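Down below is the structure, laid out as structure tokens.
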Amino acid sequence: PLRYPHATKIFVDGVWVGVHQDPKHLVNQVLDTRRKSYLQYEVSLIRDIRDQEFKIFSDAGRVMRPVFTVQQEDDPETGINKGHLVLTKELVNRLAKEQAEPPEDPSMKIGWEGLIRAGAVEYLDAEEEETSMICMTPEDLELYRLQKAGIATGR
């Protein structure tokens with residue numbers, strides 16, 4: 001900390017393991033690895049900007065809840081634009097079709113686990129929830145997107 005006063009401290013399960021000079025990039029990379037299922041979805045990632053800390057928790061016993069995720073950057077691979085839900089109509093239609101006609105091959109089933117693998121659903125614990133922006137409805141997300149773009153709304 002004395003050598004790098006603006007560095008962010010990295011903690012894993014409460015143990016200080018190092019520092020990083022570009023925390024925004026690090027957090028985005030680690031978050032992306034969780035969304036792509038390289039990290040277990042139960043792993044919590046908390047960036048505390050004020051205290052210059054990035055905390056990673058994988059310990060058992062934390063209460064978690066599922067939330068739909070919002071795309072943070074334009075993704076040419078999936079075609080999902082920044083600020084839009086990762087849960088697409090295609091995923092919803094696939095789930096509906098799966099309910100009506102379950103696939104014979106279980107590995108072709110998307111289900112809830114498929115939504116997690118697709119990055120459409122994430123689990124947040126209480127501490128990660130404190131540092132997240134959560135919309136209660138898709139309409140709230142759309143309103144936020146419009147306000148951020150500078151478009152006046154009549155609400």
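No lab work stands behind these numbers, since they all come straight from the coordinates. Everything numeric in this text was worked out from a predicted model, so none of it was measured. Cβ placement follows ideal geometry from the backbone for every residue including glycine, while neighbour counts extend to all protein chains displayed.
Do any GluC sites (Glu not before Pro) in the range 54-155 lie in a DSSP loop with no more than 14 other beta carbon atoms within 10 Å, and if so, which?
Listed in order of number, the matching sites are Glu73, Glu77, Glu104.
Pairs Lys24/Lys148; Lys9/Lys36; Lys109/Lys148; Lys89/Lys109; Lys36/Lys82: which are spaced more than 28 Å apart, C-alpha to C-alpha?
Listed pairs above 28 Å: Lys109/Lys148.
Loop only per DSSP, at most 11 neighbouring Cβ atoms within 10 Å: give me the trypsin sites (Lys or Arg not before Pro) in the range 72-126, ordered by residue number.
Lys82
Please report the net charge: other residues with Cβ closer than 13 Å to the Cβ of Lys109, K and R +1, D and E -1.
-2
Answer rounded, prolate or oblate for the range 40-155, using the Cα gyration tensor with square roots of eigenvalues a ≥ b ≥ c: rounded when a/c is under 1.5, else prolate when a/b is larger than b/c, else oblate.
Working: a/c = 2.18, a/b = 1.16, b/c = 1.88.
Since a/c reaches 1.5 but b/c is at least a/b, the shape of the range 40-155 is classed as oblate.
Leaving out same-chain residues fewer than 8 places away, which aspartates and glutamates sit with a Cα under 20 Å from that of Lys97?
Here the aspartates and glutamates satisfying the reach criterion relative to Lys97 are Asp105, Glu113.
How many angstrom lie between the C-alpha centres of the range 108-144 and the range 67-90?
11
Fewest to most neighbouring Cβ within 10 Å: what's the order for Val70, Val12, Val17?
Sorted ascending by nearby Cβ count, the order is Val17, Val12, Val70.
Under the rule of -39500 (n - 2.57) per DSSP H run of 4 or more residues, summed and divided by the residues of the chain, what mean residue ellipticity at 222 nm is obtained, to the nearest 500 deg cm²/dmol? The partial results should precede the final answer.
Details: 5 runs with 48 residues, N = 155.
Per the formula, -9000 deg cm²/dmol.
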